[in-house]
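**Student:** Pasting in a structure now, in structure tokens, and then I'll have a few things to ask.
The values are calculated or read from the model by the stated rules, or taken from the named source; none is laboratory data. In this text, all values refer to a predicted model and were calculated from it rather than measured experimentally. Positions of Cβ are backbone-derived with ideal geometry, glycine not excepted, and every protein chain shown enters the neighbour counts.
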Amino acid sequence: MNIFFIAPEVEPFAKTGGLADVAAALAKALAALGHDVRIAMPLYRQVSRDRFGLRRTRNTVAVAMGARTLEGIVWEATLPAPTTARSKSRVPVYLIECAPLFDRDGLYQTQGSDHPDNLERFSFFSQAALRMLPALNWRPDVVHCHDWQSALACAHLTRGPMAHEPLFSSMGTVLTVHNLAYQGLFPKEQWPLTQLPEAAFTIDGLEFYGKINCLKGGLVSAGVLTTVSPTYAREIQTPEAGCGLEGVLAVRRDEVVGIVNGIDPDEWNPETDPHAAAPYSVGQLAGKSLCKLALQKGQRLAERHEILIGMIQRLAEQKGIDIFIQAIDELMTMPLQIVLLGTGDPAYHRELGQLAKKFPTRLAVNLTFDNRLAHQIEAGADAFLMPSRFEPCGLNQMYSMRFGTVPIVKRVGGLVDTVVDVNPATLAAGSATGFVFSEHSARALVDAVTRVAAAFRDHALWNSLMQAGMRQDFSWDRSARAYVQVYERALRKVAQGSRL
């Protein structure tokens, strides 16, 4: 099967979150199953042409954008494989260069504010990705779009002139919602930038309370909709988590499929991780203690035998940083240490910086993005805290279990789909892998960490939790096979004469 990803970010070329990890890892997993997978993404300023060996092709693509026409230059690279991988990546990546739109700081924002021309930027990208296909001499069976930034491609394939062009008319379409909260909302006056017919701006189309909603355009246009965990697929059909689109999703409930993301087992492997201070495995855990000691030293924390909790997250309310800050004074009365890595809201930067000064030997705060440190935290921490208000899937809880780092998570989305709470029944069955709390409050967070601290004092219990987590299979193979079934379903719809 020929599968074409249209994704706004792809690891390691450019990344702001988990979408980039998924786009890369899923593409490689599908290629490993024998499918011909190719990816289109924008060529941002941040993409290193030398590091990734970008090759300029002879192909250009022109797209009308309202009153002007913009031209893109197509560059090509190959999705890198981790140095520990058993085989090299076979996935081509086409990076579309358009300097007026993508040669700037920040993929979607600068200094915390969205780029004002984001509709033009990603309308161009969505159309250019499709319009470059004839020059590639390759035709996809399925076009797989990711989040609002490429959702307009689905709308063009079913609601625009492309729907009637022979090259595009028989392609299946799939849209994956990585986070429903980000929808791509723009004023109606910018409609000409979409290059879609006026008939598409209706309550059954892209209109959303008088505005253009790019994500809605994909939700009402793609043949099959997926999101990144079964629980999140159910949650987004409710008023509490539907972000105003629960009605649209309820209408299409039969086409909404939840598939838990996987992780790359080669990149996240405590036996071979080049960033970890020492190797270890489920059968030989001694190296874990050396990793913890190295993390304590590197973060200037007291070298004590007490539970070390890691956090790697975007500093935003969605991720629960607000209740963490509310809880920190009480947490610091307990025998524990915390190391945090992340960036986000400047207000949280200030608060966390002050807290780090208040508790210099107990709390280490790193307000940056550092992939090496992220691996060191996963390898060296005893437990990993994810107090998210909502979490479509989450990846760090799976990275953590791979490293024998016991997760502490909120009962939402993919967190509850991947972490089995500690209780008498799960302990007896040997299935417990972490600690789950339900209420979104500082009190519930403190109570959960209290449970964790008590369990940590029981060496045999803690080892059993570490080993149960490390034995979990979070590789992409199972998820990739589920996506293949989704693609086949999208193609059956086309064969039956309907893309929806």
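**Student:** For the subset of the stretch 74-91 comprising residues that are surrounded by fewer than 18 Cβ atoms within 10 Å (Cβ to Cβ) and at pLDDT 85 or above, which member is nearest to Gln127 (Cα to Cα)?
**Tutor:** Of everything passing the filter in the stretch 74-91, Glu76 is nearest to Gln127 (Cα to Cα).
**Student:** Anything in the stretch 289-307 that is within 18 Å of Arg372 (Cβ to Cβ) and not in a loop (DSSP other than H, G, I, E, B)? List them, or say none.
**Tutor:** Within the stretch 289-307, the first condition is being within 18 Å of Arg372 (Cβ to Cβ), and the residues that meet it are 290-301.
Listed by number, the residues that qualify are Leu290, Cys291, Lys292, Leu293, Ala294, Leu295, Gln296, Lys297, Gly298.
**Student:** On to the next question. Does Ala276 fit the bill of being of a type outside the set (Ser, Thr, Tyr) and in a helix (DSSP H, G or I)? Reasoning before the result, please.
**Tutor:** Working: of a type outside the set (Ser, Thr, Tyr): yes; in a helix (DSSP H, G or I): no.
For Ala276, the condition - of a type outside the set (Ser, Thr, Tyr) and in a helix (DSSP H, G or I) - is not met.
**Student:** Ok, one more. Do we find a residue being in the same structural domain as Ala490 (by TED's automatic domain parsing), at pLDDT below 95 and under 20 Å from Gln318 (Cβ atoms) anywhere in the stretch 236-245?
**Tutor:** Our first condition is that a residue be in the same structural domain as Ala490 (by TED's automatic domain parsing); within the stretch 236-245, this holds for 236-245.
Filter once more, keeping what is at pLDDT below 95: 240-241.
So of that shortlist, the ones also under 20 Å from Gln318 (Cβ atoms) come out as 240-241.
The answer is yes; a qualifying residue exists.
**Student:** Which condition number in (1) without any contact (Cβ under 8 Å) to a residue 60 or more places away in the chain; (2) over 22 Å from Ala454 (Cβ atoms) is the one that His305 fails?
**Tutor:** (2)
**Student:** Would you please name the residue that is farthest from the chain's Cα centre (by Cα), looking only at residues in the stretch 8-32 that are at pLDDT 95 or above and assigned to a loop (DSSP other than H, G, I, E, B)?
**Tutor:** Phe13
**Student:** Taking interchain pairs and intrachain pairs at least six residues apart, which have beta carbon atoms under 6 angstrom, with the first residue in the stretch 326-339 and loosely packed, with under 15 Cβ neighbours inside 10 Å and the second assigned to a loop (DSSP other than H, G, I, E, B)?
**Tutor:** Once the first residue is loosely packed, with under 15 Cβ neighbours inside 10 Å and sits in the stretch 326-339, its partners that are assigned to a loop (DSSP other than H, G, I, E, B) give Pro335/Glu306.
**Student:** What is the residue count in the stretch 38-60 for residues that are under 17 Å from Ala81 (Cα atoms), of a type outside the set (A, V, I, L, M, F, W, C) and not in a loop (DSSP other than H, G, I, E, B)?
**Tutor:** 1
**Student:** Okay, next question. Looking at Glu198, Glu246, Glu189, which is the one that is more than 16 Å from Ser123 (Cβ to Cβ) and either in contact with a helix residue (DSSP H, G or I) (Cβ under 7 Å, 6 or more places away or on another chain) or not polar (S, T, N, Q) (or both)?
**Tutor:** Numbers: Glu198 fails: more than 16 Å from Ser123 (Cβ to Cβ); Glu189 fails: more than 16 Å from Ser123 (Cβ to Cβ).
Residue meeting the stated conditions: Glu246.
**Student:** May I pose another question? Among the residues of the stretch 452-485, which ones are closer than 16 Å to Val22 by Cα and of a type outside the set (Asp, Glu)? Let's see the steps before the verdict.
**Tutor:** Taking the stretch 452-485 as the starting set, the residues that turn out to be closer than 16 Å to Val22 by Cα are 474-484.
Phe474, Ser475, Trp476, Arg478, Ser479, Ala480, Arg481, Ala482, Tyr483, Val484 - these are the residues of the stretch 452-485 that are closer than 16 Å to Val22 by Cα and of a type outside the set (Asp, Glu).
**Student:** Might you check whether a residue that is more than 16 Å from Trp148 (Cα to Cα) and buried (at least 23 other Cβ atoms within 10 Å of the Cβ) occurs anywhere in the stretch 208-218? Break it down stepwise before answering.
**Tutor:** If we filter the stretch 208-218 for residues that are more than 16 Å from Trp148 (Cα to Cα), which is where we start, we get 209-210.
Then drop every residue that is not buried (at least 23 other Cβ atoms within 10 Å of the Cβ), which leaves none.
The answer is no, given that none of the residues of the stretch 208-218 is more than 16 Å from Trp148 (Cα to Cα) and buried (at least 23 other Cβ atoms within 10 Å of the Cβ).
**Student:** Same structure again: Could you tell me how many of the residues in the stretch 169-208 are hydroxyl-bearing (Ser, Thr, Tyr) and either without any contact (Cβ under 8 Å) to a residue 24 or more places away in the chain or under 10 Å from Ala155 (Cα atoms) (or both)?
**Tutor:** Counting residues in the stretch 169-208 that are hydroxyl-bearing (Ser, Thr, Tyr) and either without any contact (Cβ under 8 Å) to a residue 24 or more places away in the chain or under 10 Å from Ala155 (Cα atoms) (or both) gives 4.
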